[in-house]
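Shown next, in structure tokens, is the structure this report addresses.
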């Protein structure tokens, strides 16, 4: 069964030193640009919403058949971003 997850994410403290300067390093930009191509079967991207400035977290919404999809994202951005995942109570209707 596929579950929809809302993930809040922030740069790690170490990444803030480079990402927070306003110019993200090439290594990080390459990760962002190649992110969706790394998705395993059973994981799909619904949307990502980034906040400019301030202390609010960014948001990613994914659908995954099991927790391994979330672990893939955690591992992919290890050292750059930290995630806090929350399952939704039921499947989300994408037409809403």
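The values are calculated or read from the model by the stated rules, or taken from the named source; none is laboratory data. Being a predicted model, the structure only gives us computed values, none of them experimental. No Cβ is skipped: glycine too gets one built from the backbone with ideal geometry, and neighbour counts run over all protein chains shown.
Screening residue 5 on (1) under 14 Å from residue 73 (Cα atoms); (2) without any contact (Cβ under 8 Å) to a residue 60 or more places away in the chain shows it passes everything except condition (2). Out of 23, 18, report the one residue that is at pLDDT below 95 and surrounded by 14 or more Cβ atoms within 10 Å (Cβ to Cβ). That would be 18, the only listed residue that is at pLDDT below 95 and surrounded by 14 or more Cβ atoms within 10 Å (Cβ to Cβ). Taking region 41-54 on its own, how many of its residues are farther than 12 Å from residue 2 by Cβ and touching a strand residue (DSSP E or B) at 6+ places or on another chain (Cβ under 9 Å)? Adding up the residues that qualify gives 6.
Only a single criterion out of (1) exposed (fewer than 15 other Cβ atoms within 10 Å of the Cβ); (2) farther than 18 Å from residue 6 by Cβ is not satisfied by residue 31, namely (1). Residues in region 50-66 that are within 14 Å of the chain's Cα centre (by Cα) and either free of Cβ contacts under 8 Å to residues at least 12 places away in the same chain or surrounded by 15 or more Cβ atoms within 10 Å (Cβ to Cβ) (or both): 50, 51, 57, 58, 60, 61, 62, 63, 64.
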